[in-house]
Every structure is written in structure tokens, then in C-alpha cells.
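To keep things clear, I will list the structure first and then write my remarks on it.
The values are calculated or read from the model by the stated rules, or taken from the named source; none is laboratory data. Because the structure is a prediction, the values reported are computed rather than measured. A quick note on method: Cβ atoms are made from the backbone with ideal geometry, for glycine too, and the neighbour counts reach across all protein chains shown. Quick note on the areas: whole protein, heavy atoms, side chains included, nothing else; ligands and nucleic acids left out. Shrake-Rupley method; radii C 1.70, N 1.55, O 1.52, S 1.80 Å.
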Amino acid sequence: MNTPKELKYSKDHEWARLEGEFVYVGITDYAQSELGEIVYVDVPTEGENLDAEEVFGSIEAVKTVSDLMMPIAGEVVELNAELEDAPELVNSDPYGKGWIIKIKPADAAAMDSMLSADEYNNLIAQ
């Protein structure tokens, strides 16, 4: 599994990347491989402030639908518009073009409590 060292990870299989004052969030390579072919991404929470571990949307694969969880508290400021026409980007490029939301974190330091790549790899190896 591809687990970039520069990202932070949640127990719920989301990744987070701080860029300036914003945090980009998506699902991990492991999560997309477990879900299978992604056919739809639904994020009805754009513009809302949510707490860590709250549901910000859902992701639909051919065989299942899974909730998407906030890795840290913040405001959902943008949904990746490319996913509307190409949800399969989550499968093909989960850490790049397949990002799902951009948030303005309530406190960016909260990312320090997220899992490192090694900790996340240990979690999924169990």
C-alpha cells in the first residue's frame, strides 16, 4: 500500500495534508482498494463547521456506501469539483487529484495527534 510519509492519517482511513492555512483531506490508498470502484462522492457539508470524527459526506462504491469522517475539526470550504464527473480519481490518485475536501482547520496543531504513516501502516496490518 502507498502511504506517503508527509501526510497524517486517521483511524477512519482518511489522510490530511496541510497547505498554507488549509488542510486537504481524502481517503487512503488502503481505503480505496478495500472499497473497490468508486462511483459517487457526496459531500453535503460544504460551508459547515464540523468536529473531528463527524461525518462530512459519503463515498459510494459499486458494492457499498461508506461514511467520510473529519480527521480534525474545521470548516469544509471546498469540495473537489473534479470528483463530480470523475469519482474514479479517488481510486487512481487518492493522494493527488483524488482529494475530496479542503478545510479551514479550527486548530492546525490538531494534526499532530493524527497517525504518522508508520502508525497507520501498523493499524492496517493488524
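What FRET efficiency comes out for the pair Glu37/Ala109, r = Cβ-Cβ distance, R0 = 35 Å, nearest 0.05? Don't skip to the answer; put the middle values down first.
Details: r = 37 Å, r/R0 = 1.05.
It comes to 0.45.
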* **In order through the range 119-124: 3J(HN,Hα) via Karplus (6.51 cos²θ - 1.76 cosθ + 1.60), integer Hz, x for Gly, Pro** => 5, 5, 4, 5, 4, 7
* To do: Express in Å², to the nearest 10, the accessible area of Lys5 obtained by rolling a 1.4 Å probe over the protein heavy atoms while all chains stay in place.
  => 140 Å²
* Asked: Tell me, how many Å apart are the Cα centres for the range 33-60 and for the range 74-89?
  -> 9 Å
* Asked: For the range 1-22 and the range 97-118, what is the separation of their Cα centres, given in Å?
  -> 6 Å
* Vicinal HN-Hα couplings computed from phi for the range 77-90 (Karplus, 6.51 cos²θ - 1.76 cosθ + 1.60; Hz; Gly/Pro x) -> 9, 7, 9, 5, 4, 4, 6, 4, 9, 9, x, 5, 4, 4
* **Cut-off under 5 Å, modelled amide H: who pairs with Val77 long-range** => Gly47, Lys102, Ile103, Lys104
* To do: Quote the charge dipole size of the range 21-126 about the Cα centre in Debye, to the nearest 20; the model charges only the Cβ of Lys and Arg (+1) and of Asp and Glu (-1).
  => 160 debye
* Check Val39: other-chain or 5+ apart residues with amide H under 5 Å from its amide H, H built from backbone geometry? -> Glu60, Ala61, Val62
* Would you pull out the residues with amide H under 5 Å of Glu53's amide H, same chain only if 5 or more places away, H placed 1.01 Å from N? => Met70, Ile72
* To do: For the range 99-112, just list the computed ³J(HN,Hα) in residue order, Karplus coefficients 6.51, -1.76 and 1.60, θ = phi - 60°, integers in Hz, with x standing in for Gly and Pro.
  => 4, 10, 9, 10, 10, 9, x, 5, 8, 4, 5, 4, 5, 4
